[in-house]
1. I want to check the label-to-label distance for residue 431 and residue 213. Put each point 7 Å from Cα in the C-beta direction and report it in nm to one decimal.
2. Return the long-range amide H neighbours of residue 412 (sequence gap of 5 or more, or a different chain), with a cut-off of under 5 Å between placed amide H atoms.
3. Taking the Cα centre of each part, how many Å lie between the range 231-257 and the range 9-26?
4. With each pseudo-label sitting 7 Å past Cα toward Cβ, what's the residue 382-residue 265 distance in nm, one decimal?
5. If you take every DSSP beta bridge fully contained in the chain, what fraction is antiparallel? Give it as a percent rounded to 5.
6. Calculate for the chain the 222 nm mean residue ellipticity that helices alone would give, adding -39,500 (n - 2.57) per DSSP H run of length 4 or more and normalising by residue count, nearest 500 deg cm²/dmol.
7. Once you put a point 7 Å from the Cα of residue 191 and another 7 Å from the Cα of residue 234, both along the Cβ direction, what distance in nm separates them?
8. In what sequence do 355, 38 fall when counting other Cβ within 10 Å, fewest first?
Amino acid sequence: MAKPIENKVKDFINKYEMVNGQDRIVIGVSGGADSVCLLFALKNLMEELNFTLVVAHVNHGLRGGYANRDERFVKELCERLDLPCYTTRVDAADIARKEKLSVEEAGRFLRRQYFQEVKEKTESNKIALAHHINDNVETLVMNLIRGSGLRGIAGIKPVNGDYIRPFLCLTRSEIEEELKEKGISFCIDETNKDNCFMRNRIRNVIIPDLETLNPKAVLHMDETMNHLREVEEFMEKRVMEEFSKVIEWQDTGITIHHRITTLPAVIQKGIVKKVIEEISKQRQNLGGIHIKQIQELFSKQVGRSLDLPYGVVVSRDYQGVRVQQGDKRLASGKKAISNRKKDRADVGNKILEVLNVPGTTKIPDFNLTIECRFIPDEEKNSYQPSHSLYTKSIDYDIMKSGLSLRVREPGDRITIDKKGSRQKLKSYFINEKVPSGKRDKIPLLVDEGEVVWVIGYRMNMKYQISPNTKKILEIKIHKEDN
């Protein structure tokens with residue numbers, strides 16, 4: 001007979017129709033508390049809900065003997081539970097270096113990749129992950145800090161394609177109490193205590209502080225995300241109702257007809273976002289700034305165009321705006337500088353790349369990799385800004401929007417002293433004796449049109465940190481070999 005926690009999980013599974021008869025489910029098990037508890041819960045529900053389980057474990061090679069200990073633990077646990085277990089060893093740190101990703105991003109990518117491999121190998125049809133309510137709330141806080149649309153603040157979906165998350169009905173404390181009550185052992189990841197990582201700081205510091213204000217803060221935020229998911233689903237339905245009325249599929253792309261401008265702004269944004277995703281087949285690196293640029297293009301003259309990530313080219317024509325795949329060399333998600341002989345304003349509309357903040361962004365067109373990280377509060381008092389031309393520290397609270405990379409535009413200016421004196425970028429280049437042929441190739445870091453840093457030269461004094469700075473963003477530029 002199912003125990004209380006399993007009844008709660010079973011009801012949640014049924015509510016979201018996560019499991020159908022005779023499903024074969026790959027469950028990702030790290031050896032930690034959450035995934036071990038999920039493994040036991042699903043094992044106990046297998047017969048009643050008529051599904052089978054396959055366990056997959058990834059050894060990231062990051063924690064030496066501890067990682068090998070976790071792998072042995074999972075294998076032995078599966079032997080006791082009489083479940084098939086598939087394991088693999090990867091070098092997440094090496095992949096992170098080669099692909100210019102954070103170790104966390106590389107690890108997540110490698111896990112997902114292996115889970116899909118096991119799913120295909122075992123002819124399974126679903127993948128179960130152990131995310132719970134606290135994970136969802138941590139994701140909400142992270143996305144709010146970074147800046148996010150409705151999709152980002154609606155939290156993790158219980159069902160997303162072939163991924164299911166049966167524990168999104170449980171809090172971390174419920175999981176820990178269940179393990180303690182049953183006497184179930186698990187592995188402890190010591191790195192979860194390192195507050196230098198944003199998620200750990202949110203988990204170990206920020207959320208406990210919020211719970212001192214209201215012990216039910218986590219549950220209330222989870223309820224809010226559930227409401228937001230309902231709003232997101234409603235908005236997606238409304239977008240789809242209008243989508244076919246304002247777009248026209250063509251061999252080379254999609255035309256968005258001018259009548260889209262008569263729709264509510266939020267519906268316009270949803271349609272534009274869907275069109276970009278249809279053409280690029282991607283969701284990442286396609287932010288609000290790209291949608292705003294396309295919306296503004298409807299009021300521009302015929303012939304104006306934009307180059308977006310993933311090689312997407314957007315142009316204004318007589319019917320409205322055409323979105324199509326451009327240079328196939330850009331399919332990796334980066335954007336080229338236009339080499340067409342047009343006025344500089346046209347080139348200026350082209351954002352090369354929206355930076356991941358925090359995170360790593362590769363810019364192959366400039367052979368650059370840009371790393372952004374927040375300085376932890378405990379390091380701020382002793383932090384000394386670098387004097388390198390390729391490392392700068394900025395006052396993050398001054399920023400109006402996200403950071404993007406582009407080349408210069410007419411009218412660009414920078415603040416050159418603490419009094420707030422402004423100078424045209426053109427005049428700055430002349431004073432610095434920068435050759436005219438080089439000026440249009442120098443990458444600029446911009447914040448909603450404001451030049452923050454002329455990379456390799458100087459930064460905008462307005463963004464310099466001061467004793468009053470609350471949040472420091474450190475940006476490092478790495479030049480790659482050609």
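1. 4.4
2. Residues meeting the criterion, in which the H sits 1.01 Å from N, are 425.
3. Taking the Cα centre of the range 9-26 as reference, the centre of the range 231-257 is 32 Å away.
4. Here the modelled spin labels are 4.7 nm apart.
5. Of the beta bridges lying entirely in the chain, close to 75 percent run antiparallel.
6. When only DSSP H runs of four or more count, the value is -12000 deg cm²/dmol.
7. Taking the two extended label points, one gets 4.1 nm.
8. If I rank by nearby Cβ atoms, fewest first, I get 355, 38.
Bear in mind these aren't lab numbers, they're just calculated from the coordinates by the rules spelled out. Because the structure is a prediction, the values reported are computed rather than measured. FYI the Cβ positions are ideal-geometry reconstructions off the backbone, even for glycines, and counts take in every protein chain you see.
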